[in-house]
Amino acid sequence: MERDHMKDLRRYLALKYIQYLVLSSSNALSTVLGLLGSVYTMITLQSARVSSKSTAVLISSLAKADMLVVVSLVLEVGSWTRGAGVSPAAALARNLLTANAHASCVLLSAVALEAYLITFLPTESRHLRTVKNARMASRLVWVLVAAECALLQADDLLTASGASAPAHGPWALLFPLPSTAAALLRSLTYILGVLLRIFNVYIYYKIFFSMSNRSRLKSK
C-alpha cells in the first residue's frame, strides 16, 4: 500500500502550527518533534509522487528553517563547553532561534492564506498561486529574517562589549541607533506575532465552517 504523502504533510503543518502559533514558547519535546518532522518532510518533498506546487515550495522553506535550530543548538553546546554563557556565539544561538520562530510563523501564515484562496477564490487566485511567486515570497521572508537577525546580533554585541557612547562627533549620534532599532523591532515583531495568530485562527475558522456547510448540503 502506497503511503499518502499529502496526509503526512498536513500532519507536519499541524505540528508546526502547534509549535509556533499555539504554544507560547517552544519546549524540548516540540523542538525535537519539529526537527524530526522537518527532516522527514524534506525527504518526502523529494519524492516524485509529491507535485511541485506553490504549497510544496512554502512547506519546503518551512522545513529548511529548522536548520537554524540545528545551528543554534551546536552554538549553544560550544558556548556551554567553553563556559562562555554571554559570548557572541551564545547571542547568535538565541537570535537564530528567534529567526527560526519568525520565519516559521510567516511561512505558516502564507500556507494558510493559500488555503483560503484555494477554498474561496480558486479561479481568481490561480495567477497568484504559482511556484515562482511562492519562491519569491520565501526569499523575501529569508531576507527580512536575516536582516532582523543581523540587527539583533549587532545590538547584543554592543551591549556585551560594554562600550560607552562617544561624547562628540557623528558616532555620538549613530551609536544608540542599533539599540533603538532593536527595541523597536522587538516590539513590532511581538505585535505582528499576535496579529498572525489572529489571522490564522480566522482563516481556518472560515475554511472549517465552509467545508462543514458543503458537507451538509451534499448530505441533503
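Tabulated data for the structure shown
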| read-out | value |
| --- | --- |
| Hey, S47 open to solvent by less than 60 Å² (accessible area, probe 1.4 Å), among the polar types (S, T, N, Q), modelled with pLDDT under 90 and within 24 Å of M136 (Cα to Cα) or not | yes |
| Residue satisfying all of: in the range 50-84; at pLDDT below 95 and in a loop (DSSP other than H, G, I, E, B); surrounded by the fewest Cβ atoms within 10 Å (Cβ to Cβ) among these | G83 |
| Residue pairs meeting the criteria (Cβ under 8 Å; at least 6 apart or on separate chains; first within 17 Å of Y17 (Cα to Cα) and among the β-branched types (V, I, T), in the range 192-220; second at pLDDT 90 or above and open to solvent by less than 70 Å² (accessible area, probe 1.4 Å)) | I203/A112; I203/A115; I203/Y116; I207/A115; I207/Y116; I207/T119 |
| Matching residues, the range 9-31, being under 15 Å from A63 (Cβ atoms) and surrounded by fewer than 16 Cβ atoms within 10 Å (Cβ to Cβ) | R10, R11, A14 |
| Any helices (runs of 4 or more DSSP H) falling wholly within the range 109-220 and containing at least 1 residues that are at pLDDT 90 or above | 131-161, 177-219 |
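Every residue, every condition in (1) of a type outside the set (D, E, K, R); (2) free of Cβ contacts under 8 Å to residues at least 60 places away in the same chain; (3) over 24 Å from A90 (Cα atoms), yes or no:
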position: V22; (1), (2), (3): yes, yes, yes
position: V39; (1), (2), (3): yes, yes, yes
position: M42; (1), (2), (3): yes, yes, yes
position: S47; (1), (2), (3): yes, yes, yes
position: S51; (1), (2), (3): yes, yes, yes
position: T55; (1), (2), (3): yes, no, yes
position: V69; (1), (2), (3): yes, yes, no
position: V74; (1), (2), (3): yes, yes, no
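The values are calculated or read from the model by the stated rules, or taken from the named source; none is laboratory data. Keep in mind that what you see is a predicted model, and the values were worked out from it rather than measured. Every residue, glycine among them, receives a Cβ derived from its backbone with ideal geometry; neighbour counts consider all protein chains shown. We work out accessible area using only protein heavy atoms, side chains counted, and drop any ligands, DNA or RNA first. Shrake-Rupley method; radii C 1.70, N 1.55, O 1.52, S 1.80 Å.
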